[in-house]
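Only the coordinates and a few stated rules stand behind these numbers; no lab work does. Keep in mind that what you see is a predicted model, and the values were worked out from it rather than measured. Glycine also receives a Cβ, built like all others from the backbone with ideal geometry; neighbour counts cover every protein chain displayed.
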Amino acid sequence: MLKKVLAAAVVLGLASTGAQAADWDVSGYIQGNLGQAKAEKPSFVKREAESLSASTKTDKKDTAYKLLVGLQLNPYVALEAQYVDLGKAQYKLTKVGYQDKIKSSTKGLGANVVGTLPIADFTLFAKAGLHRLETKLSDKDTNGYSATGKVRKWAPLYGVGASYEFVENLAAVVEYERYHKVADAKAWAGATRTKVSVKHDIDMFSAGIRYKF
């Protein structure tokens with residue numbers, strides 16, 4: 001499936017160059033970003049808290065990072081392949097005499113098509129992609145229940161950002177990305193022992209360094 005996504009992205013990028021493609025220099029780049037991810041609370045956690053009449057303490061933010069390689073086909077279109085680690089999220093459901101701890105972590109691989117707009121040493125960009133993400137889940141409560149599991153799912157990505165080339169071939173980059181409907185699949189759901197959807201969105205804000213070659 002990933003090969004098909006990459007092939008489609010290549011076709012789209014090449015098609016956009018048209019008859020002038022030969023006049024543009026194709027270049028590559030590598031990039032590393034470090035930032036913060038913020039996970040949306042899955043709906044089943046909300047329902048679990050309501051059914052138990054429990055208070056919820058959340059820690060939805062965590063350090064995130066990504067590594068990518070890109071191919072700038074022309075001044076306006078680029079293709080990227082990347083690995084991303086979106087960190088962890090934790091939820092504690094508490095009432096008198098009871099506590100349920102639910103944790104999740106997400107990471108995976110994917111590909112992006114990037115539209116770029118160069119303005120002197122600055123470049124503005126917007127991207128769309130598809131990523132195969134693995135979300136690990138764990139649940140443990142004070143009644144002795146404990147479970148772990150994995151959900152693997154294709155998730156779309158949307159993002160915007162900007163880069164500034166402060167020396168030749170080296171640029172600083174800032175980005176915002178949303179990974180949409182992460183873990184959109186059925187899995188166990190804590191103390192209810194039932195199967196429910198654990199889909200949620202994850203936002204990532206990051207900064208990085210890009211080296212052009």
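Tabulated values for the structure
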| read-out | value |
| --- | --- |
| Where labels lie 7 Å past Cα in the beta-carbon direction, separation of Glu134 and Leu109 in nm | 1.1 nm |
| Relative contact order for region 53-191, counting Cα pairs under 8 Å that sit 6 or more residues apart, in percent | 18 percent |
| Rounded if a/c under 1.5, otherwise prolate or oblate - region 69-213, Cα gyration tensor axes | prolate |
| Additional length obtainable on full extension of the chain from Val167 to Ser146, 0.36 nm per residue less Cα span | 2.3 nm |
| Cβ-based charge dipole, region 51-138, positive-most Cα from Asn74, Pro118, Thr106 | Thr106 |
| At R0 = 45 Å, FRET efficiency that the Cβ-Cβ distance of Val160 and Glu50 yields, to 0.05 | 0.80 |
| Flagged links, alpha-carbon separation over 31 Å, of Lys41/Lys66; Lys57/Lys107; Lys41/Lys212; Lys57/Lys127 | Lys41/Lys212; Lys57/Lys127 |
| Flagged links, alpha-carbon separation over 29 Å, of Lys46/Lys136; Lys46/Lys153; Lys60/Lys153; Lys95/Lys153 | Lys95/Lys153 |
